[in-house]
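Notes follow once the structure below has been shown.
The values are calculated or read from the model by the stated rules, or taken from the named source; none is laboratory data. Values in this document were obtained by computation on a predicted structure and should not be read as measured data. Cβ sites come from the backbone with ideal geometry, for glycine too, and all protein chains shown count toward neighbours. For accessibility, only protein heavy atoms count, side chains too; no ligands or nucleic acids. Shrake-Rupley method; radii C 1.70, N 1.55, O 1.52, S 1.80 Å.
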Amino acid sequence: MIRLQNVRAGYTTPTGFVGAVDDVSLTVEDSEILGIAGESGCGKSTLIKVIYGQFGGPLSLMAGTVEAQFRDPVSGQLVVTGVARLRDLWWKQISYIPQGSMSVLNPVTRIATQMIDGLPDAVRARGRQALRTEVEAFLAEVKLPASVLDAYPHQLSGGMRQRVLVAMAAFFNPRLILADEPTTALDVVVQKHILLLLVAIQRRQRNALVIVSHDLGVHYQITDRLAIAYAGKIVEIGPTRALFEQPRHPYTRALIDSLPRLGDRTPRHGIEGRPPDLANPPTGCRFAARCSLVHDICHRVSPDLIERTPGHAAACHLA
Amino acid sequence: MSAVSLLSLHGVGKIFRRGGLFSRGRIEAVRDLSLTLPAEPSIVAIVGESGSGKTTLARMVLRLVEPSAGSILLEGRKLNGRRAERLPDLEFRRRVQPIFQNPFEAYSIHLPVDFYLFRTAINLGMASDQAGAMPVVEEALRSVGLGLDRVRGKFVQQFSGGELQRIAIARALIPRPRLIVADEPVSMVDASLRMTIVNLFTQIRARSGVSFIYITHDLSTATYVADRIVIMTKGEIVEQGAAAEITANPRHEYTRLLMDSIPRIGARWAELGEQSDTTA
């Protein structure tokens, strides 16, 4: 559905180029829930922007290709779209739930205006009243009352605002929904409701969902496949359950081991050190400086992401 | 007779006024709350969601907010009420220290972080000048696994969130307090570093005899580190007990809801059914 090949993307800053995504190849399959996990600054949000084709400002694609393949809803034919035209697919085929529901919605405009005025001209031609009825029906599906449409964002709770964003993203029945940390600022009870809602929509619409979260528990709960990002690279990717049961990369293993389990007081340890500076990344494996299994080769040669068992790949000399 | 408890709250309440000067709107953030911390060093976790009143409780214990009702006693001496009756400020700050949620906002970008360490030592009477404060600061940094040369002359932007939170703990340790109140100390820190911070609480309790009030929304780290768990919702304590007892046998409906909502590793939510493994 979406194929990234050897993508290098990053930000131009006054102090130099920061390669937030470095030589990443990734495929998003039809009808799957793919998770992307990693620490802050590992490039996971940038990766989502690359998949969405949202370049501009300081973010640019330096190398590699991004290609989308969708079936045209009218003719039923497969249409291949390159990175330059991904923007044409926004909302209808690919939609995006950005991070931070409070800062994404316009604080001085009612929800109805934000939902309806943001629609493409062809859709708005159906008439405001007809559209409002359609939107109300859709809101009911995400368990929001119609009165939400007349509210301003600050009058809604964090969970309701997040539901509004989910509704906006799913309204056109897109083939792919990208969600960047959709539950980070929410309480654990509300978080569960939003995650269950995202899964329910994905199952009903039979589309693909890519979810970015730093919380491995979230990925364990809802994803089919999981990619672990570290310092701009994907260091491991595979079926979620296999990845948790048999992590291949020392970073994945350390991440999983560092998490406390409810009611378990077995001593657990954080990962010492910090990720490398992406403006000046080290040669060799980027995790080498923090890795407990490090060998000489790790400092010299950057490991490739190699499939170890079907569908499960890791970028480690020792995997 | 047992020793005087470290901290005791009796019928504590807090009402905030809402709206403008003439508004009659009120929010009861904390209601009739009673809680005791034993004289022996312990870690007590206060767990609840946003709006549960847990931060208001922490701020009342830190004397940043005056309770509207009830009394708070530290080793039998009053913390709230009339100035003449309560524990003097300097004595209070030597005994009770805070750690705040956002390590990036806890320090000025214009001052090196070691300034805060030396200033705390001098202000709280641990030393009369910078040279005299040196051993105190070094000892505090050592107990969080940092050396003075890592910190000296460096600014907030030169540290990770985890390091800043360790420095915040070191600063809190300088007056050798009896109690540290940590308000969501790891929620802004990467998951990979959280345990490094939380483990320090256990080490410091054992080594220095400091008690902790650990305010968090995360029941998993709470059950990992705390001796006792207090569950709050809507300004009230709904359940409290030993950490093992709460997880093994949650009695209140809200505790069960919190536990059931945690995205655990190893057991999927019942609502999701079995995993549809598209890649198998």
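Residues in segment A:224-246: is at least one assigned to a loop (DSSP other than H, G, I, E, B) and open to solvent by 30 Å² or more (accessible area, probe 1.4 Å)? Yes - at least one qualifying residue is present in segment A:224-246.
So for segment B:119-132 (the condition being more than 12 Å from chain A (Cβ to nearest Cβ) and either under 30 Å from residue A:252 (Cα atoms) or aromatic (Phe, Trp, Tyr) (or both)), does at least one residue qualify? No, the conditions are met nowhere in segment B:119-132.
State whether one or more residues within segment A:241-252 are free of Cβ contacts under 8 Å to residues at least 24 places away in the same chain and either within 8 Å of chain B (Cβ to nearest Cβ) or on the phi > 0 side of the Ramachandran plot (or both). Within segment A:241-252, one or more residues are free of Cβ contacts under 8 Å to residues at least 24 places away in the same chain and either within 8 Å of chain B (Cβ to nearest Cβ) or on the phi > 0 side of the Ramachandran plot (or both). Restricting segment B:92-123 to residues that are open to solvent by less than 30 Å² (accessible area, probe 1.4 Å) and more than 21 Å from residue B:179 (Cβ to Cβ) leaves a set whose member that is modelled with the lowest pLDDT is B:107.
If you filter segment A:22-59 down to residues that are assigned to a strand (DSSP E or B) and within 14 Å of chain B (Cβ to nearest Cβ), you find that the one that is nearest to residue A:279 (Cα to Cα) is A:37.
The one condition from (1) open to solvent by 40 Å² or more (accessible area, probe 1.4 Å); (2) touching a strand residue (DSSP E or B) at 6+ places or on another chain (Cβ under 7 Å); (3) at pLDDT below 95 that residue B:178 does not meet is (3).
Yes or no: segment B:233-243 includes at least one residue that is within 11 Å of another protein chain (Cβ to nearest Cβ) and exposed (fewer than 13 other Cβ atoms within 10 Å of the Cβ).
No, because not a single residue in segment B:233-243 is within 11 Å of another protein chain (Cβ to nearest Cβ) and exposed (fewer than 13 other Cβ atoms within 10 Å of the Cβ).
Of all residues in segment A:198-212 being more than 8 Å from chain B (Cβ to nearest Cβ) and touching a helix residue (DSSP H, G or I) at 6+ places or on another chain (Cβ under 6 Å), which is surrounded by the most Cβ atoms within 10 Å (Cβ to Cβ)?
Only one residue fits best here, namely A:209.
Residues in segment B:191-203 that are under 14 Å from residue B:146 (Cβ atoms) and within 14 Å of the chain's Cα centre (by Cα) were compared, and the one that is farthest from the other protein chains (Cβ to nearest Cβ) is B:200. Go through (1) closer than 30 Å to residue B:218 by Cβ; (2) touching a residue at least 24 places away in the same chain (Cβ under 8 Å); (3) open to solvent by less than 50 Å² (accessible area, probe 1.4 Å); (4) in a helix (DSSP H, G or I) one by one and return the number of the condition residue A:192 breaks. It fails just one condition, (2). When B:226, B:270, B:222 are checked against the criterion of being more than 7 Å from chain A (Cβ to nearest Cβ) and open to solvent by 40 Å² or more (accessible area, probe 1.4 Å), a single residue qualifies: B:270.
Search segment A:166-176 for residues being open to solvent by less than 10 Å² (accessible area, probe 1.4 Å) and in contact with a Ser or Thr (Cβ under 8 Å, 6 or more places away or on another chain), and hand back the single one that is nearest to residue A:240 (Cα to Cα).
Within segment A:166-176, the match that is nearest to residue A:240 (Cα to Cα) is A:176.
State whether the residues of segment A:239-255 include one that is modelled with pLDDT of 95 or more and within 29 Å of residue A:58 (Cβ to Cβ). Checked against the condition, which is being modelled with pLDDT of 95 or more and within 29 Å of residue A:58 (Cβ to Cβ), segment A:239-255 yields at least one hit. What residue, among those in segment A:87-109 that are touching an Asp or Glu at 6+ places or on another chain (Cβ under 9 Å) and modelled with pLDDT under 90, is surrounded by the most Cβ atoms within 10 Å (Cβ to Cβ)? Per the criteria, the residue is A:98. So, residue B:171, is that one under 17 Å from the mean Cα position of the chain (by Cα) and more than 10 Å from chain A (Cβ to nearest Cβ) or not? Spelling it out, residue B:171 is indeed under 17 Å from the mean Cα position of the chain (by Cα) and more than 10 Å from chain A (Cβ to nearest Cβ).
Please work out if residue A:182 is away from chain B (no Cβ under 14 Å) and either open to solvent by 30 Å² or more (accessible area, probe 1.4 Å) or of a type outside the set (D, E, K, R) (or both).
For residue A:182, the condition - away from chain B (no Cβ under 14 Å) and either open to solvent by 30 Å² or more (accessible area, probe 1.4 Å) or of a type outside the set (D, E, K, R) (or both) - is not met.
Against the criterion of being in contact (Cβ under 8 Å) with a residue 24 or more places away in the chain, over 30 Å from residue B:259 (Cβ atoms) and not aromatic (Phe, Trp, Tyr), residue A:110 qualifies.
Of the residues screened, residue B:86 is not one that is surrounded by 15 or more Cβ atoms within 10 Å (Cβ to Cβ), out of contact with any strand residue (DSSP E or B) (no Cβ under 6 Å at 6 or more places or on another chain) and of a type in the set (D, E, K, R).
For segment B:189-212, the criterion of being part of a strand (DSSP E or B) and either open to solvent by less than 20 Å² (accessible area, probe 1.4 Å) or modelled with pLDDT of 95 or more (or both) is met by at least one residue.
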